Each structure stands twice: as structure tokens, then as C-alpha cells.
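The values are calculated or read from the model by the stated rules, or taken from the named source; none is laboratory data. None of these values were measured; they are calculated from a predicted model. Reconstructed Cβ throughout: ideal geometry from the backbone, glycine too, with neighbour counts over all protein chains shown. Protein only, heavy atoms only, side chains kept; ligands, DNA and RNA dropped before computing areas. Shrake-Rupley method; radii C 1.70, N 1.55, O 1.52, S 1.80 Å.
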Amino acid sequence: PNYATLYNPVSQADFRSFAGYTDSRSPTWDNMVRGQLTDSSLFSLPGGDAGIAAVLEGGNQGWNSSPDPRLLETVDWNGETVPYVWGTSATPGMGHRSRYAATTELKMPVFSQLTVDLSGRYDSYNVSGQKVSHGTYNLGLEYRPFETLLLRAKYGTAFKVPTLSDEFQLPSGYYSGVYDYLNCGRLGYAGANAAACPAPYNGEQFHGITYGNPALKPITAKVWTYGVVWAPIERMSISVDYLHWNIQNEVSQVSADQLSNTEYLCDIGTLDPGSATCTQASALVTRGPGQTVNGIPLLGQITQIETPKLNVADEAVNAITANFAYVADIGSFGQLAFKVSYSDLFKHTYQDYPTDPSINELTNPNFSTDFKSKVNGSLTWTRDKWTATWYMNRYGSTPNYLAQVYNNYTSPGTGKLAPWILSNASVTFNPIKSLGLSFNVDNVFNKMPPVDKSYPGTTATPYNIFNYNVYGRAYYLEANYKFGQSDN
């Protein structure tokens with residue numbers, strides 16, 4: 001090649017022969033009319049006046065994504081079908097729905113120590129000529145046996161329709177690569193030696209298709225919580241709450257990498273090959289003709305993977321949250337406010353289909369890499385016109401890459417990554433009441449994600465991109481002015 005020509009500008013005519021502009025448009029709209037009536041003294045009870053609120057609302061929503069046709073077209077080049085604009089695709093789709101809802105809430109101080117909160121809501125949607133309606137309710141109790149102690153509990157139901165794009169997104173293509181866990185596993189490359197799997201199985205290029213589903217069911221849930229708030233001394237409070245969610249028909253997009261790994265787990269019997277999960281993975285992954293390598297029968301290379309929006313049969317979560325807050329007066333030096341919050345998952349189960357077993361995601365890392373626990377805390381100093389805050393976030397451990405591949409913590413090389421701790425700091429000066437000048441630093445110590453050495457050498461990111469980021473330290477200067485606020 002004549003490398004010198006690479007440093008010479010091309011003519012405008014040549015440039016225009018292979019470059020151009022695309023024009024894509026995607027308007028959305030959400031119209032709503034809402035009316036509310038309230039009466040804070042509906043009737044009297046020993047603990048005070050009961051209050052009621054009633055709301056009636058209605059409206060419509062719409063979405064229309066119209067990408068440039070050239071982003072969706074394909075052409076034949078040397079006998080191969082390729083995108084008109086190389087390496088690109090787009091998300092077409094359009095849909096509309098109307099709705100109305102009615103809500104009522106009644107708060108009753110039964111007596112000085114007990115308050116009861118009752119509420120109900122009814123939603124109705126018209127989607128593609130079909131009605132989707134659902135009622136929900138909530139019961140809350142607050143009991144204060146004495147001034148410094150509050151016991152609280154709540155039980156209720158929830159309802160949510162899928163988003164317009166989840167329902168009406170038309171088939172949308174994309175191009176990516178995926179590790180063929182099944183064929184690599186049959187060749188003897190799995191886990192610690194996965195990186196040695198030969199081409200093309202260590203990174204097969206595939207055409208992906210994702211799309212919405214107008215037949216998606218609404219998401220429903222049952223939720224209950226109970227807890228305690230204790231304020232033993234002035235300016236101090238401690239709270240602990242236990243929470244439970246049981247979600248049905250949650251909408252989720254299938255992961256291409258997980259589908260490939262699920263095929264492998266079904267092939268080796270870790271998952272039941274006859275389960276709906278294995279049947280679905282086989283149906284969504286398209287392969288070319290099979291072949292035999294060194295006497296080992298292999299499936300064909302992955303050519304296409306469908307990752308549609310689907311309803312999840314059931315998901316359940318049990319968790320605990322705890323909070324502590326204390327404000328100390330340090331005299332002429334101002335005030336110190338300390339806050340810390342803690343949350344931990346005790347249970348997280350997931351079931352793809354009613355015929356499948358319920359998966360414990362805390363012990364099956366192929367299905368979830370969520371942080372089991374999180375802690376955040378802050379220390380804020382305030383004096384006159386100055387405020388300074390130190391904020392800390394601690395994310396708990398997560399499974400490493402090999403644990404996800406093998407779906408356990410017992411195989412060689414599997415394990416968990418160390419917690420990830422990030423710190424932020426800010427200083428604010430208010431020269432006048434309505435103006436705040438701030439200097440903020442995120443990730444003060446420039447902490448990187450914990451390195452996951454179990455990743456194969458074929459990956460460019462030795463960390464879980466869905467859990468961590470490499471943004472590093474960032475600085476911000478901010479001015480905040482509140483109009484209409486008196487400076488007196």
C-alpha cells in the first residue's frame with residue numbers, strides 16, 4: 001500500500017461517495033387530566049381527625065420510533081448480506097394506549113398511639129384493542145407505645161403495565177460477538193482454560209434480534225414490610241425494617257451471553273435439558289450446520305440470537321434495611337451530622353417459567369451477579385455559610401467470572417470479588433441565602449473495580465461491566481441559585 005496517501009485529504013466527491021447523514025425521529029407523548037379532592041377532617045376519632053383523599057385521572061400515551069430506513073436495510077456485497085450502513089442497526093416501533101385510574105386513601109388516628117392508613121387504586125388500560133385492568137390496595141399500621149418508639153407495618157399489592165417500547169418495539173437488529181460455551185466445553189475448554197478455546201468458537205460473530213411483545217402481561221406484586229424506629233435521645237434515630245417482595249410477570253430482555261452459557265449448562269446436565277429454560281435457550285439461538293472436530297461432535301456456529309422481551313414467572317426478595325442518624329452540636333464550630341444505611345439480601349429467587357424450579361440467585365451466580373449487601377454513610381459539617389460532606393459507598397462482594405460460567409463456588413478458580421468502596425466529598429459556600437457555590441469530588445481515591453483474574457485473556461475488560469465502572473476521579477464546580485427566595 002501507498003501509506004503516503006493515508007495522510008492526504010480525499011476529495012469532497014470521494015468523501016460524499018461513502019459518507020452521508022441519517023435522519024431518525026422518535027416522538028413520544030403522555031397526556032393526562034387529574035383531579036383530586038381532600039378532606040383532612042372527615043370525621044373525628046379518639047386520636048384526632050380522620051382524613052381522606054380521592055383522585056381520578058385519565059389520559060393517553062404514545063410512541064413512534066422511525067429510524068432512517070438505511071439503518072435497517074441490508075445489501076448484498078460479494079454474495080454476503082450486510083447492513084447498508086456498516087455495523088449499525090436501529091430500533092423501530094410505534095404504539096399507543098389510553099388509560100384511566102381512580103385512587104382513594106383514608107388515614108385514621110384510631111387513638112393517640114395507633115394510626116391506620118387504608119388505600120386502594122384501580123387502573124385500566126386499553127392496549128391494541130384489549131383492556132388490561134387491575135386493582136391494588138395497601139394497609140399500613142403505625143403504633144407508638146411511647147414517644148421515642150414507633151412500630152410500623154405495611155401490606156399491599158402493586159401493578160405496572162410494561163413500557164410502550166416493551167410492548168411495541170418492532171424487530172431491531174444488532175451485531176455482536178459471543179463466546180460459544182457449549183462447543184468450547186465439548187472441546188475441553190471451560191473455566192480456567194476457557195481462553196485457550198480456538199477460533200471461531202472463542203468469539204463467534206452473530207446477528208442479534210430484539211423485539212417487543214404486545215401480549216406481555218402486566219407486572220404484579222405483593223409487598224409487605226415491618227420495622228421499628230427508635231429515638232433514644234434527642235437528635236438520634238435508629239430504624240430497622242424487614243422487607244418482602246413477590247413479583248409476578250416481571251418484564252426482562254434475555255441476555256445473549258446467558259443464553260449461550262445456558263445452552264452449555266443444559267448440555268452438561270447442570271440444568272434439566274427438558275426444562276422450559278433449556279427449551280427456550282435452544283429456540284432463541286440459531287446455529288449453522290454441525291461438524292466433527294478431532295472426533296468430537298460439535299453443534300454449528302452461532303449465527304443469530306434472539307433476545308426478546310419476556311415475562312418472568314416469579315421473583316421473590318427478602319431484605320433488611322437499617323439506618324442510623326445523629327446530629328451533634330459542637331458549639332462555636334457548628335454541627336456534625338452522621339448518617340449510615342445498611343441493606344442486605346436474605347433471599348432472592350427467580351423462576352423463568354412456572355414449570356421450572358425456582359432458582360436461588362444468591363447461590364447460582366450464572367443467573368445474578370447483584371451485590372448482596374450495600375452500606376453508605378455520610379459525615380456533614382455545617383457552620384454559618386459553610387457545609388462540607390464526606391460520603392462513602394460500600395458495595396459488597398460479587399461472583400467472579402468463573403463462578404458465573406460454572407454456576408457454583410466449588411469448581412477450581414471460582415470465588416467472590418472483594419467489596420468495592422467509593423468515597424465522594426463536597427464543600428458548599430452560601431454567600432447569600434439564595435446562592436450556593438459548590439466544589440464536588442467523586443471517587444476521591446480514584447478506585448478502580450476489583451480485578452477479576454478469572455476472566456479469559458480474550459476479554460478486554462477484566463471486570464463485570466454490569467456491576468462496575470472505570471470513571472475514576474471526577475471534579476465538579478456548581479452554582480445553584482434559587483429564584484424568589486429572600487436573603488433576609
Checklist line | the chain - accessible surface per residue (Å², probe 1.4 Å) | finding: 57
Checklist line | Distance (nanometres) between label positions extended 7 Å along Cα→Cβ at residue 418 and residue 16 | finding: 5.9
Check: Tell me, what is the percent relative contact order of the chain, built from C-alpha pairs under 8 Å that lie six or more residues apart?
Finding: 8
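With N set to the number of residues, divide the alpha-carbon radius of gyration of region 213-320 by 2.2 N^0.38 Å and report two decimals.
Ratio of Rg to 2.2 N^0.38 Å for region 213-320: 1.71.
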Note to self: Give me a comma-separated list of calculated 3J(HN,Hα) values for region 92-103, in order, Karplus coefficients 6.51, -1.76, 1.60 applied at θ = phi - 60°, integers in Hz, x for any Gly or Pro.
What the structure shows: x, x, 7, x, 8, 8, 10, 7, 8, 8, 10, 9
Check: Once the Cβ-Cβ distance between residue 111 and residue 220 is put in as r, and R0 is 25 Å, what FRET efficiency do you end up with, to the nearest 0.05?
Finding: 0.15
Notebook entry, point to check: Can you give the calculated 222 nm mean residue ellipticity of the chain, where each DSSP H run of n ≥ 4 adds -39,500 (n - 2.57) and the sum is split over every residue, rounded to the nearest 500 deg cm²/dmol?
Noted result: -2500 deg cm²/dmol
Item checked: ³J(HN,Hα) computed for each position of region 438-445 - Karplus, 6.51 cos²θ - 1.76 cosθ + 1.60, integer Hz, glycine/proline x -> 10, 10, 10, 10, 9, 6, 3, 8
Notebook entry, point to check: Taking only Cα atoms, what is the 0 to 90° angle, nearest 10, from helix 256-267's long axis to the longest principal axis of the chain?
Noted result: 70
Next item on the list: Report relative contact order for region 409-467 in percent, whole number only (criteria: Cα-Cα under 8 Å, sequence separation at least 6).
Entry: 29
Check: Taking H as built 1.01 Å from N, whose amide H comes closer than 5 Å to the amide H of residue 415, not counting residues under 5 places away?
Finding: 400, 403
Next item on the list: Could you list, in their original order, any pairs among 347/416; 347/447; 217/374; 107/347; 385/482 whose Cα atoms are separated by more than 22 Å?
Entry: 347/447; 217/374; 107/347
Item checked: Mean separation of Cα contacts under 8 Å (6+ apart) over length of region 36-169, as relative contact order % -> 21
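For the chain, what % of the accessible area comes from carbon and sulfur atoms, probe 1.4 Å?
Answer for the chain is 57 percent, counting heavy atoms of protein chains only.
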Note to self: Given 25 °C and 0.890 mPa s, compute D for region 1-112 with the Stokes-Einstein relation, Rh being the Kirkwood radius over Cα pairs; round to the nearest whole µm²/s.
What the structure shows: 118
Notebook entry, point to check: Looking at the square roots a ≥ b ≥ c of the eigenvalues of the Cα gyration tensor of region 120-259, which shape do they give, rounded for a/c under 1.5, prolate if a/b is larger than b/c, or oblate?
Noted result: oblate
Next item on the list: Using a/c under 1.5 as the rounded threshold, could you call region 418-472 rounded, prolate or oblate? The axes a ≥ b ≥ c are square roots of the C-alpha gyration tensor eigenvalues, and prolate needs a/b larger than b/c, oblate otherwise.
Entry: prolate
Checklist line | Per-residue HN-Hα couplings for region 411-422 [Karplus 6.51, -1.76, 1.60; θ = phi - 60°; Hz; x = Gly/Pro] | finding: 5, x, x, 7, x, 10, 8, 5, x, 10, 10, 10
Next item on the list: Identify which of the listed values of Rg and Dmax of the Cα atoms in Å was calculated from the structure shown: [x] 25.0, 75; [y] 26.0, 87; [z] 28.4, 93.
Entry: [z]
Next item on the list: Mind running the shape call on region 122-193? Use the C-alpha gyration tensor, a ≥ b ≥ c as the square roots of the eigenvalues: rounded below 1.5 for a/c, prolate if a/b tops b/c, oblate otherwise.
Entry: oblate
